[in-house]
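The values are calculated or read from the model by the stated rules, or taken from the named source; none is laboratory data. All values derive from a computational prediction rather than experimental measurement. SASA here: full protein model, heavy atoms, side chains in, ligands and nucleic acids out. Shrake-Rupley method; radii C 1.70, N 1.55, O 1.52, S 1.80 Å.
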Amino acid sequence: MEPEPLTFTSPEGDPVTWEVEAEPWHDPFERRLTLVVQGTRLVQRRVPRAEGRDREYLYDLLENEARMGARLLTRLSRAYPVELPRLMGYSLDEEEPFVLLSDRRGEPVTRRSGALLIAEQRALQASLFRAVRILSACGIVHRRIEPETVRWDGSHVQLTDLSRATLIGSRRLRLGEAPYACPAQRTGTGLAATADDLWSAGMVIYRTVTGRDIADLPDLTAAPALQPIHDVFSGEPPSAREVLARLRVPDPMQAVPVEQDLGLEEGRAAFDRAREARTEAVPAGSATEEPATRVHPVPEPPEEAPRPWWTRWLPLAVLLVLLVVLWLVTR
């Protein structure tokens, strides 16, 4: 592989050029890169020109992957969890836009279906529900937790593909199929919630642990290791934190502080501007083969209304009144 320059925008919004060695595009949407200097491996996901011309909604999905990755970075930059891919950069204003992500870990969980040891079954549950808990704390619903998006390295999962993720409280879209998408998500009713991901994660765990294909609700009576998740398929599911407590796993958010990073917030604003510029360039009324997954704006805290001018002098006025009263009393 011959080194080649790769220019993109960092999550902080800065222009960056790296020398990389790129593998061939065996998959037209994805390839692996190696940084020449550090030897770090990355994944480059793109929309090929021909595919984007025929299916414009693919641009929305790619941009959504970058936006959700930026949201995670602004909140988890100090202690990024191993369960989630990390956004390394993006370039959205090219004919073939792309995002850069940290390298894949492990192998698709489908390859271990029905072959996990007891200890691995517990570790799989703990790690996948950790990922759901962290996404929940960041206000994100993944919406496509399926065997194809979950990888396993023997001790931790990696939950891939945030292209269809949305924010908690956004209107549900009809997305996914049984058994991995919950009924409300399949019908597109109500608002997106962490319960959607709990259902999907529970189904992936059941399929991986038992090796059985199901079309509806699973029967957990013959699987003692799965008893902690028995009610994630109910009408009143527990929270991800409650499931972790049953598995005797500490809440990851105690060790992964969620806080704002100003530099990354500025980078996210730059990403929003780039996306808006691209959206304005797309002709209105363009047809797509399926409904596009639109990026929901991240809610910002409301600005405080300006205080009246006289409130700045109120403490001094009170002090003067107290001094006058004290002078009158002591005369």
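For the stretch 111-162 and the stretch 194-258, what is the centre-to-centre distance using only Cα atoms, to the nearest Å?
One Cα centre to the other: 10 Å.
With all protein chains present and a 1.4 Å probe, how do PHE8, PHE29 order by accessible area, largest first?
Output order, biggest surface exposure first: PHE29, PHE8.
Whenever you get a sec, line up ILE229, ILE168 from highest to lowest accessible area (probe 1.4 Å, protein heavy atoms). Could the numbers behind the result be given before it?
On the way: ILE229 0, ILE168 75 Å².
Greatest to least solvent exposure: ILE168, ILE229.
Can you compute 3J(HN,Hα) from phi for each residue in the stretch 102-108, using the Karplus curve 6.51 cos²θ - 1.76 cosθ + 1.60 with θ = phi - 60°, rounded to whole Hz and x for Gly and Pro?
Computed from phi, the couplings for the stretch 102-108 are 4, 5, 5, 10, x, 9, x Hz.
Sort GLU107, GLU95 from largest to smallest accessible area, using a 1.4 Å probe on the heavy atoms of the protein chains.
Values: GLU107 60, GLU95 125 Å².
Of GLU107, GLU95, the descending order of accessible area is GLU95, GLU107.
With all pairs of different alpha carbon atoms counted, what Kirkwood hydrodynamic radius in Å does the stretch 91-221 show?
Here the Kirkwood hydrodynamic radius works out to 15.4 Å.
Where does the stretch 144-230 land on Rg(C-alpha)/(2.2 N^0.38 Å)? Don't jump to the answer; show the numbers that get you there.
Values: Rg = 13.3 Å, N = 87, 2.2 N^0.38 = 12.0 Å.
Rounded to two decimals, the normalised Rg is 1.11.
At q = 0.11, 0.13, 0.20 Å⁻¹, what is the log10 ratio I(q)/I(0) for the stretch 19-134, with the Debye formula run over Cα points and no solvent?
Normalising to I(0) and taking log10 leaves -0.47, -0.65, -1.19.
Hey, any idea what the orientation-averaged projected area of the convex hull of the stretch 97-152's Cα atoms comes to, in nm²? Walk me through the numbers before you get to the answer.
Details: hull surface 20.0 nm².
Averaged projected area of the stretch 97-152's Cα convex hull equals 5.0 nm².
If I ignore ligands, DNA and RNA and count only protein heavy atoms, how much of THR17 is accessible to a 1.4 Å probe, in Å² to the nearest 10?
80
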